[in-house]
Amino acid sequence: MEKRVRLRNDIQELETMNRFLEECAVDLGLPASFMINLCLVLEEAVSNIIFYEYDKNQLIEDAVIISLRFNGADLIIRVEDHGKPFDPTAQLDPDITLSAEERPIGGLGIFLIKNIMDEVYYHRVMGKYKNARVLLIDDLFKGKVTESDVNIMFELLNFRYFNKLPLIVSC
């Protein structure tokens, strides 16, 4: 079973996310103790995306997509965004032996995520499309097109244009 929610890059969307997680907890029979940790982790991840990966002056539909897939034994959580690239797994853990006054600001949220979750991965998908020898895009913008779709396509086409990489597009 898979459930999905799409969020704008607006911090108020955390309420939408939390309602989605409550529904998932009921539908999937997830214990409250687990959901407290999951909500904490996703609030940290999504708020970082909203605050740091998008232009604050531009509201984007589908800025963050959260999917939960439960196969009976494992719950796989996927957080997708199309903002500025940022690999949280590459960040050094903060020195938690230092006092709050001595420790530099930042990094505790990512540290929290890495310590609560069983596994944390980061994968930037755009690279394979940006760097393909030849890119064929079939049925560009067929169907409903979101602002996020346009932004992704702009990033991709702009990169390929400036790097003089071949592109074939059909509509």
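The values are calculated or read from the model by the stated rules, or taken from the named source; none is laboratory data. As the structure is a prediction and not an experimental result, all values here were calculated from the model. Positions of Cβ are backbone-derived with ideal geometry, glycine not excepted, and every protein chain shown enters the neighbour counts. Calculation scope for accessible area: heavy atoms of the full protein, side chains included, ligands and nucleic acids excluded. Shrake-Rupley method; radii C 1.70, N 1.55, O 1.52, S 1.80 Å.
The mean sequence distance of close C-alpha pairs (under 8 Å, at least 6 residues apart), as a share of the length of the chain, puts its relative contact order at 21 percent. Per residue of the chain, the DSSP helices (runs of n ≥ 4 H) give a summed -39500 (n - 2.57) that works out to -12500 deg cm²/dmol at 222 nm. Label-to-label distance for Phe159 and Phe34 is 3.5 nm, based on points extended 7 Å past Cα in the beta-carbon direction.
Write out the trypsin sites (Lys or Arg not before Pro) in the range 68-159 meeting two conditions: DSSP loop, and at most 16 other Cβ atoms within 10 Å of their Cβ.
Of the trypsin sites (Lys or Arg not before Pro), the ones in loops of the range 68-159 whose Cβ has at most 16 other Cβ atoms within 10 Å are Arg124, Arg133, Lys142, Lys144.
When the solvent-accessible area of the chain is split by element, carbon and sulfur atoms take up 55 percent of it, the probe being 1.4 Å.
Extent along the principal axes, Cα only, for the range 1-56: 37, 19, 17 Å, with the longest axis given first.
Setting aside same-chain residues fewer than 8 positions from Lys164, which aspartates and glutamates have a Cα under 15 Å from its Cα? Within the straight-line limit of under 15 Å, Lys164 reaches these aspartates and glutamates: Glu155. Computed over the alpha-carbon pairs of the range 99-151, the distance histogram in 10 Å steps reads 16, 25, 23, 23, 10, 3 percent, short to long.
Compared with the dominant principal axis of the Cα atoms in the chain, helix 13-28 is inclined by about 70°. Compared with the dominant Cα axis of the chain, that is its longest principal axis, helix 147-162 is turned about 60°. Taking Cβ atoms as reference points and 13 Å as the exclusive limit, the residues near Val120 contribute a net charge of -3, counting Lys and Arg as +1 and Asp and Glu as -1.
Loop-located GluC sites (Glu not before Pro) in the range 60-161 (DSSP state not H, G, I, E or B) with no more than 14 neighbouring Cβ atoms inside 10 Å: Glu61, Glu101, Glu102, Glu119.
The order of Asp74, Asp139 by accessible area, most exposed first and with a 1.4 Å probe, is Asp74, Asp139. Rounded, prolate or oblate: which fits the range 1-101 when a ≥ b ≥ c are the square roots of the eigenvalues of the alpha-carbon gyration tensor, with rounded for a/c under 1.5 and prolate only if a/b beats b/c? Oblate, because a/c is 1.5 or more while a/b does not exceed b/c. If one computes P(r) from the Cα atoms of the chain, what percent of pairs lie at distances over 22 Å? When all Cα pairs of the chain are counted, 54 percent exceed 22 Å. If you fit an axis through the alpha-carbon atoms of helix 32-52 and take the longest principal axis of the Cα set of the chain, what angle between them do you get, 0 to 90°, nearest 10? Computed tilt is about 50 degrees. Computed with every protein chain present, the accessible area of Ser99 is close to 40 Å² [probe 1.4 Å]. At a probe radius of 1.4 angstrom, the accessible area of the range 1-151 per residue rounds to 66 square angstrom.
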